[in-house]
Structure formats: C-alpha cells, structure tokens
1. Could you check, for region 193-212, whether at least one of its residues is part of a loop (DSSP other than H, G, I, E, B), of a type in the set (S, T, N, Q) and under 16 Å from Val153 (Cβ atoms)?
2. For Asn178, state whether it is under 43 Å from the mean Cα position of the chain (by Cα), within 20 Å of Ser140 (Cα to Cα) and exposed (fewer than 15 other Cβ atoms within 10 Å of the Cβ).
3. Against the condition surrounded by fewer than 20 Cβ atoms within 10 Å (Cβ to Cβ) and among the aromatic types (Phe, Trp, Tyr), how does Trp184 come out, does it pass?
4. Can you find a residue in region 174-197 that is within 17 Å of Leu121 (Cα to Cα) and aliphatic (A, V, I, L, M)?
5. Being surrounded by fewer than 16 Cβ atoms within 10 Å (Cβ to Cβ) and over 15 Å from Cys204 (Cα atoms) is the requirement here; does Lys125 meet it?
6. Any residue in region 168-180 that is in contact (Cβ under 8 Å) with a residue 40 or more places away in the chain and within 20 Å of Leu133 (Cβ to Cβ) sitting within a Cβ distance under 6 Å of a residue that is part of a loop (DSSP other than H, G, I, E, B) and of a type in the set (A, V, I, L, M, F, W, C)? List the pairs, counting only those 6 or more apart or interchain.
7. For the structure I just gave you, tell me whether Trp195 is of a type in the set (Phe, Trp, Tyr) and surrounded by fewer than 20 Cβ atoms within 10 Å (Cβ to Cβ).
Amino acid sequence: MEMQTIPSQGTETGGEALLEVKPQEEAESAYDTLQSPSEDFYSDALISVPAKAAKGRQVGGSERLYRYGCFALTGVCFILLLTVILLSLKLGSQACPFEHCPKQISQNQHHCYQQCAKGWLPYGKSCYFLSTLRLSWADSQKNCSSGGGSLAVISSRGVQHFLTRTGNLTYWIGLRKNTTEWNWVNNTQLQQNYWSGSTIRSNCAYLSSEAPEEKNWETASCHALNYFICQLEL
C-alpha cells in the first residue's frame with residue numbers, strides 16, 4: 001500500500017497558492033501607515049502652492065516690464081522719426097540750386113541776416129564766388145545763372161575794389177557789348193567803367209586783378225576761356 005504525501009503549509013494545492021497569513025502586528029502597522037500619511041507629503045504640498053504663486057507673479061511682472069520697455073522704445077523711435085522729418089523739412093526749405101550758395105541763417109542780436117556758404121565771399125547784400133575753372137563767357141553766365149545768380153555786376157567803386165583785392169587772376173564779369181552799347185547781364189547800361197585804356201576790340205569784358213583797380217577792365221573774345229566771378233544777391 002502506497003503512502004500519500006500530505007502537502008505542507010505554503011505549498012501549492014491544486015495549482016493554487018495558499019495565502020500567507022501575516023501576523024496581526026504587521027497588519028496593524030500597515031494599516032496605520034495608510035491612515036497617517038507622512039508629514040513630508042503635506043509639507044511638500046504646502047510649499048508647492050506658494051512657490052507656484054510666486055512664480056506666477058514673477059512671470060506677470062516680467063511681462064509688464066517687457067510691455068513698458070516696448071512702449072518706451074516705441075516712443076523714442078517716434079520722437080527720432082519726428083526729429084528727422086522736421087530736420088528734412090528745414091534743410092529742404094534752405095536747399096540751394098547749386099553747391100556754393102548762400103544758405104545759412106544766423107541771428108545777430110536783433111537782426112536776422114543770411115551768410116554766404118563756404119567758398120563764397122560776402123560783400124554788401126551779395127555773395128561772390130571766384131571760379132577755379134575756365135569757361136567761355138556764355139558758359140560762365142550759364143554756370144552762375146543755374147543757381148539763381150549771374151556773372152558779377154560791378155555797380156559801385158566798393159565792389160570794384162573788393163573784387164580786385166580778392167582775386168589774383170583774370171575773371172569774366174557780367175558785361176557784354178550789344179551792337180554799340182555795353183550792358184550788364186541784369187539789363188542795365190554801363191555807367192561807371194574801369195577800362196584799362198587799351199583799344200576795345202572784343203565784345204566781352206573781364207577784370208584783371210593784377211592791374212590797379214582804377215583801370216583793370218579788358219576785353220576778349222566771348223569764346224575765349226577764362227575764369228569768372230559769380231554773384232548771388234541775398
């Protein structure tokens with residue numbers, strides 16, 4: 001007769017595992033742990049709420065600062081743009097037809113007067129420019145008139161003295177012979193003259209600053225190349 005083996009506790013019976021029975025003290029300890037969460041859990045929860053709020057305030061403050069910065073930068077750009085526009089309008093109102101012309105306004109005590117630009121020489125109510133290139137009489141007049149001026153009109157002894165003393169070459173002036181009369185470019189007839197005394201053979205006049213101012217006008221062919229003096233009234 002065969003002996004039957006009785007399964008011991010903790011082994012499988014019928015393919016199923018027997019539940020292990022824990023002592024009563026271990027069960028109560030596990031129950032207490034579930035009922036009483038650790039203090040760290042609550043402390044973490046309490047700390048996380050203010051931290052999130054502080055972070056939210058920090059982000060909000062950064063956004064406000066960013067917006068204020070954008071507004072300030074926009075304002076500065078607008079002011080700069082307005083300044084550029086005003087300066088452009090001001091310079092445009094004082095713009096000159098050509099480079100060397102009177103264009104600068106100055107305030108002297110209670111009088112506002114116009115100054116001559118760089119390269120131009122003031123005398124009386126006009127500015128004079130002594131050229132550094134040589135042209136025919138007609139081209140010289142065209143060069144001067146392109147900016148609103150003309151070849152110099154010597155209307156007084158003072159202007160004659162000033163131009164003679166200033167220059168050191170020979171210069172076309174705005175005097176030309178039409179048929180039998182000498183006329184200035186402003187359509188006025190010649191009154192006072194400073195001819196050198198030599199025979200007048202050509203139709204265009206020039207001033208020789210190397211000669212005495214009382215007699216330093218000469219004539220030459222209007223097609224000859226010569227330096228010239230431009231005049232622009234203020």
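1. Yes, that holds for at least one residue.
2. Working: under 43 Å from the mean Cα position of the chain (by Cα): no; within 20 Å of Ser140 (Cα to Cα): yes; exposed (fewer than 15 other Cβ atoms within 10 Å of the Cβ): yes.
The answer is no for Asn178.
3. No.
4. There is no residue in region 174-197 that is within 17 Å of Leu121 (Cα to Cα) and aliphatic (A, V, I, L, M).
5. Working: surrounded by fewer than 16 Cβ atoms within 10 Å (Cβ to Cβ): yes; over 15 Å from Cys204 (Cα atoms): yes.
In short, yes.
6. Ile173/Ala152; Gly174/Ala152; Gly174/Val153; Gly174/Val185
7. So Trp195 fits the description; yes.
Laboratory data are not the source of any read-out in this text; all were calculated from the coordinates shown. Remember, it's a predicted structure, so these values are computed and weren't measured experimentally. Every residue, glycine among them, receives a Cβ derived from its backbone with ideal geometry; neighbour counts consider all protein chains shown.
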